[in-house]
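Reviewing the structure listed below.
The values are calculated or read from the model by the stated rules, or taken from the named source; none is laboratory data. Quick caveat, the model's predicted, so the values are computed rather than measured. Virtual Cβ from ideal backbone geometry, glycine too; neighbours counted across all protein chains shown. Heavy atoms of the whole protein, side chains included, go into the accessibility calculation; ligands, DNA and RNA do not. Shrake-Rupley method; radii C 1.70, N 1.55, O 1.52, S 1.80 Å.
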Amino acid sequence: MMPATLQPLQPQSTPYQMLRLASLALCVWSCLIQSRASPAKPRSRAPPGRMSGAEIALYRDAVAEMFDDAFSTYMERAFPHDELRPLSATWTDSLIELGNVPSPKRDGYTGVALTLIDAMDTLAVMGNHSAFADAVRLVGEHVSFDQDAVVSVFETTIRVLGGLLAGHVLADGAMPGFPHMRVPRYDGVLLRLARDLGDRLLPAFEDAPEATGLPYAFVHLQRGVEAQPVAEQCTAGIGTNLLEFAFLSNLTADERYARASLRALSALWGRRSAHDLLGNTIDIHTGKWVNSQASVGAGADSFYEYLAKGALLLDSDELWQMFAAAYAAAGEHLQFGPHFGTADMHNPAKKFLAHSSLASFWPGLQVLVGDAELAAIAHEPLMAAWDKFGAMPENFLVRAGGEVLAGNVPYPLRPEVAESTAALFLATGDHLYLKFGARMVDSLKRVTKAPLGGFASVRSVATGELEDHMPSFYLAETLKYLYLLFDLENPLHTHSDKLLLTTEAHLLPRLGVTGLPSHLWAELNGECRGLDEDVDDFQISAEVKQGGAARERAEEALRSAADRAALHFFLDF
């Protein structure tokens with residue numbers, strides 16, 4: 001059977017045209033380096049404050065070497081199991097533990113080559129066609145989801161399903177900017193695996209409690225939904241599947257996946273507070289919030305990301321309206337200048353100021369929607385924390401004088417700081433971010449390099465003690481973002497108006513308004529009534545409704561983004 005093909009992207013025509021134009025310029029990677037007619041040659045000596053072209057290329061190659069080390073060590077010592085234990089040079093079948101699966105059962109589970117699936121499209125981004133083709137073949141030969149195991153729907157969706165979908169489009173030669181990654185005689189095996197996995201995840205949605213429509217957090221790969229001791233589900237767990245499920249529906253012409261995701265999103269959004277805030281965890285049986293603390297960090301982060309990226313993937317007014325309301329509320333109640341915090345969703349005057357490393361994605365999201373000025377402010381404490389510890393603490397505080405405080409907390413090789421750094425550089429051209437990225441690369445090599453090969457999570461940023469674990473997202477995200485920061489001619493940059501990166505940094509082509517049948521949007525229409533904000537309203541929210549001067553800055557940011565998209569500025573290195 002021939003592999004499924006993408007439905008064509010249709011011209012956009014929506015009430016949010018100006019915002020869309022701005023987003024096209026800034027989303028994923030900026031159009032600042034797009035469509036160069038006559039790019040300047042790298043100078044041997046850069047102007048003060050700038051890195052030379054040779055220095056940039058040196059760090060690009062250094063990141064590629066780090067990836068080769070991590071990937072080859074995994075393939076040699078861990079494949080076909082899930083992840084590498086770099087300190088002991090062994091492996092772990094860890095998918096059944098991710099997402100806090102209750103009482104994980106190891107008997108009957110033998111791994112699904114998690115790291116290989118997660119890292120496949122990084123091989124493509126780095127231009128390694130032979131290794132990518134080998135990865136496609138090995139996944140087809142070794143991976144089966146017919147296993148006696150309970151898994152997290154969230155983790156399995158973003159790491160495995162997303163990796164398979166990106167790999168399929170690349171192998172099929174249909175990824176914009178990457179036709180050279182087409183694998184000869186590819187027979188669609190990755191899409192077959194993706195559909196099989198999607199079918200195994202669906203019961204979490206289709207068998208959700210009728211009273212709420214909120215999906216289960218865990219599913220058995222063979223038996224679907226079983227009695228689960230945990231009724232709690234986090235906001236991100238419910239709201240981070242639309243990109244993968246909608247794309248699977250598009251490729252297979254099977255509406256079930258997209259419908260399940262949209263229904264879950266509608267059920268979640270319908271339980272927001274009067275302030276348009278959502279809490280951290282909710283009881284899926286009663287619909288009552290268990291933890292009513294709202295944040296943009298752990299438990300909520302990618303919910304915001306998927307509203308914005310879902311709107312871009314599908315050119316959806318409904319999702320734009322939801323994102324505008326959620327983004328405005330987060331900016332008003334959860335971000336305080338350069339700092340983040342939590343607030344009670346029902347009474348946001350009750351606030352607690354603290355940084356979560358997972359919230360480090362937020363400046364990248366702000367760049368995505370045209371708020372580069374605010375993103376730069378929010379990024380400052382991230383650089384301060386990294387520079388102090390040589391890694392990003394999972395949680396930290398910043399005193400009034402700028403001192404960063406963190407206890408005996410880990411750094412599990414997370415990608416969010418690299419993601420925001422790359423987005424800010426490509427949006428602004430400020431070499432401050434290139435230089436910070438260079439310091440990140442240097443400290444990762446110094447602090448996390450494992451003696452036996454690969455890289456290890458940091459158990460404590462205070463002591464530098466390492467942990468025997470190399471998470472799959474280190475290859476899928478952290479090293480991918482750092483590589484893209486320094487690889488200025490990458491096809492992902494030059495085709496940024498046609499591509500998106502998922503929360504796991506998997507590449508997906510944009511589908512446009514015809515990506516899903518129009519009747520599916522009825523799942524969200526009821527929740528979108530009353531959110532008919534025009535572009536001006538969104539511009540106010542983009543500066544957190546902080547007054548006239550802030551509004552003027554927001555409008556200028558959007559106009560500037562639109563101008564850059566039209567004029568195709570390029571950077572002079």
Failed item, numbered, when W91 is tested on (1) in contact with a Lys or Arg (Cβ under 7 Å, 6 or more places away or on another chain); (2) open to solvent by less than 30 Å² (accessible area, probe 1.4 Å): (2)
Candidates E155, E244 - the one that is of a type in the set (D, E), within 22 Å of L500 (Cα to Cα) and open to solvent by less than 10 Å² (accessible area, probe 1.4 Å): E244
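Suppose we filter T428, T342 for residues that are among the hydroxyl-bearing types (S, T, Y), open to solvent by 10 Å² or more (accessible area, probe 1.4 Å), out of contact with any Gly (no Cβ under 6 Å at 6 or more places or on another chain) and within 23 Å of M322 (Cα to Cα); which single one remains? Talk me through it step by step, then tell me what you get.
Working: T428 fails: within 23 Å of M322 (Cα to Cα).
From the options T428, T342, the qualifying one is T342.
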Which numbered condition A113 misses (of (1) in contact (Cβ under 8 Å) with a residue 40 or more places away in the chain; (2) open to solvent by less than 30 Å² (accessible area, probe 1.4 Å)): (1)
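For segment 437-477, how many residues meet the condition of being in a loop (DSSP other than H, G, I, E, B), of a type in the set (G, A, S) and either out of contact with any His (no Cβ under 6 Å at 6 or more places or on another chain) or without any contact (Cβ under 8 Å) to a residue 40 or more places away in the chain (or both)?
Keep residues of segment 437-477 that are in a loop (DSSP other than H, G, I, E, B), which gives 448, 450-454, 456-457, 459-465, 467-469, 471.
Within this subset, residues satisfying the condition of being of a type in the set (G, A, S) are 450, 453-454, 456-457, 460, 462, 464.
The next check asks that each one be either out of contact with any His (no Cβ under 6 Å at 6 or more places or on another chain) or without any contact (Cβ under 8 Å) to a residue 40 or more places away in the chain (or both); those that pass are 450, 453-454, 456, 460, 462, 464.
Count: 7.
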Subset of segment 65-78 (residues that are touching a residue at least 12 places away in the same chain (Cβ under 8 Å) and surrounded by fewer than 19 Cβ atoms within 10 Å (Cβ to Cβ)): D69, S72, E76, R77
Residue count, segment 247-263 (criterion: open to solvent by 20 Å² or more (accessible area, probe 1.4 Å) and under 25 Å from N291 (Cβ atoms)): 1
Of residues in segment 512-524 being within 23 Å of the chain's Cα centre (by Cα) and more than 16 Å from R259 (Cβ to Cβ), the one modelled with the highest pLDDT: G512
Evaluation of A400 against (1) in contact with a Ser or Thr (Cβ under 8 Å, 6 or more places away or on another chain); (2) assigned to a loop (DSSP other than H, G, I, E, B) (one fails), failing number: (1)
Pairs with Cβ under 9 Å, 6+ apart, first in segment 398-410 and polar (S, T, N, Q), second assigned to a loop (DSSP other than H, G, I, E, B): N408/R459; N408/S460; N408/V461; N408/A462; N408/T463
Verdict on L197 being touching a residue at least 40 places away in the same chain (Cβ under 8 Å), crowded, with 22+ Cβ neighbours inside 10 Å, in a helix (DSSP H, G or I) and of a type outside the set (G, A, S): yes
Residue satisfying condition, being closer than 26 Å to Y74 by Cβ and at pLDDT 95 or above, within set V447, V461: V447
Boolean, A384 is among the hydrophobic types (A, V, I, L, M, F, W, C), in contact (Cβ under 8 Å) with a residue 12 or more places away in the chain and open to solvent by less than 30 Å² (accessible area, probe 1.4 Å): no
Failed item in (1) within 25 Å of V150 (Cβ to Cβ); (2) assigned to a loop (DSSP other than H, G, I, E, B), with L277 passing the rest: (1)
Test result for Q228, open to solvent by 40 Å² or more (accessible area, probe 1.4 Å) and farther than 23 Å from W289 by Cα: no
Subset of segment 435-466 [open to solvent by less than 10 Å² (accessible area, probe 1.4 Å), in contact with a Leu (Cβ under 7 Å, 6 or more places away or on another chain) and on the phi < 0 side of the Ramachandran plot]: G437, M440, V441, T448, A450, F455, A456, S457, V458
